[in-house]
Amino acid sequence: MKDLGKTIAKYRKEHKLNQSQLAKELENYDIYVKQNSISAWELGTATPNARQFLALCEILEIYDIYTDFIGQSPLNPFRNLNETGMNKVLEYIRDLESTGNYKPADIIPIHVIRERKVFYNTVSAGTGSFLDSDEYEMISSPDIPEAATFGVYVDGDSMEPRYHNKDLIWIEQTACLDDGEIGIFYLDGNAYVKKFQNNRLGTYLISLNKKYDPIPVTENSSFKIFGRVLS
């Protein structure tokens, strides 16, 4: 198996990105990490989670993940061919494409209408008891993420610029989140939508709006994870 961190660093440099720029690119995938997290991945002192890893591969245009991170893929049809043989295969592929007889069939998208509960209570207000509440409406839409369990509305500006006051967000109900994921939480009598920090520096609920300080979660806190923000 190849060194994951060195491979990430190699592709980052080929794309002429510094670590801070790569962290900024990850924000387009709703992944919020600092430059020192990228550094830790490249040095091998930390490992990106699956979601972070796949986003890195897309940003850095790492298309053959098996070969780049593990070695020669047993499914690679070129693995036993020299350069001349590979060129002949590519030439044959171009001949087939030029006939127009082997195009893939057009795929007609099917818009699945999903229906989910949307609770009237906003996050950042109340205790989170809305999950057992009958104060909700049912919303049907093809735009609801498949993994969504329910929806809630954002209260306040603490998660700007990503989420704004009164925005509807979709939640996948789960009791576990990885460091850096955005979720909804119960903490000491209030419900929040925040970024989850859980690493050697401690456990905190982080606002994306820099004017708000991180909220510490201690061993004496009454704390619960409600779910992962999908939208």
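Within segment 1-13, the residues that satisfy the criterion of being part of a helix (DSSP H, G or I) and in contact (Cβ under 8 Å) with a residue 40 or more places away in the chain are L4, T7, I8, Y11, R12.
Take the residues in segment 125-153 that are crowded, with 19+ Cβ neighbours inside 10 Å and closer than 14 Å to Y186 by Cβ, then tell me which one is modelled with the highest pLDDT. The qualifying residue modelled with the highest pLDDT is V152. Where strands (runs of 3 or more DSSP E) fall wholly inside segment 110-200, the ranges with 3 or more residues that are closer than 30 Å to W41 by Cα are 168-173, 182-187, 190-199.
Scan segment 154-171 residue by residue and report those that are under 16 Å from the mean Cα position of the chain (by Cα), within 17 Å of E27 (Cβ to Cβ) and of a type in the set (A, V, I, L, M). Steps first, answer last, please.
Here is the first cut: in segment 154-171, the ones under 16 Å from the mean Cα position of the chain (by Cα) are 162-163, 169-171.
Checking the rest, the ones that are also within 17 Å of E27 (Cβ to Cβ) come to 162-163, 169.
Listed by number, the list holds a single entry, I169.
The single residue among N49, N82 that is more than 22 Å from E14 (Cβ to Cβ) and either of a type in the set (F, W, Y) or in contact (Cβ under 8 Å) with a residue 12 or more places away in the chain (or both) turns out to be N49.
Checking each residue in segment 95-116 for being modelled with pLDDT of 90 or more and among the basic types (K, R) picks out R114, R116. Return yes when L22 is crowded, with 16+ Cβ neighbours inside 10 Å and either part of a helix (DSSP H, G or I) or in contact (Cβ under 8 Å) with a residue 12 or more places away in the chain (or both) and no when it is not. When the stated conditions are applied, L22 passes them. Residues that are among the small types (G, A, S), crowded, with 16+ Cβ neighbours inside 10 Å and touching a helix residue (DSSP H, G or I) at 6+ places or on another chain (Cβ under 7 Å) within segment 40-57 comprise A46, A55, listed in sequence order. Residues in segment 172-231 that are among the small types (G, A, S) and either closer than 23 Å to K24 by Cα or surrounded by fewer than 20 Cβ atoms within 10 Å (Cβ to Cβ) (or both): A175, G180, G183, G189, G202, S207, S221, S222, S231. Filter segment 59-89 down to the residues that are touching a helix residue (DSSP H, G or I) at 6+ places or on another chain (Cβ under 8 Å) and in a helix (DSSP H, G or I) and list them by number. Result: I59, I65, D68, F69. Per the listing T99, T47, T122, the residue uniquely among the polar types (S, T, N, Q) and touching a strand residue (DSSP E or B) at 6+ places or on another chain (Cβ under 6 Å) is T122.
The values are calculated or read from the model by the stated rules, or taken from the named source; none is laboratory data. Predicted, not measured: the structure shown is a model, and the values here were computed from it. Don't worry about glycine lacking a Cβ; one is built from the backbone with ideal geometry, like all the others, and counts go over all protein chains shown.
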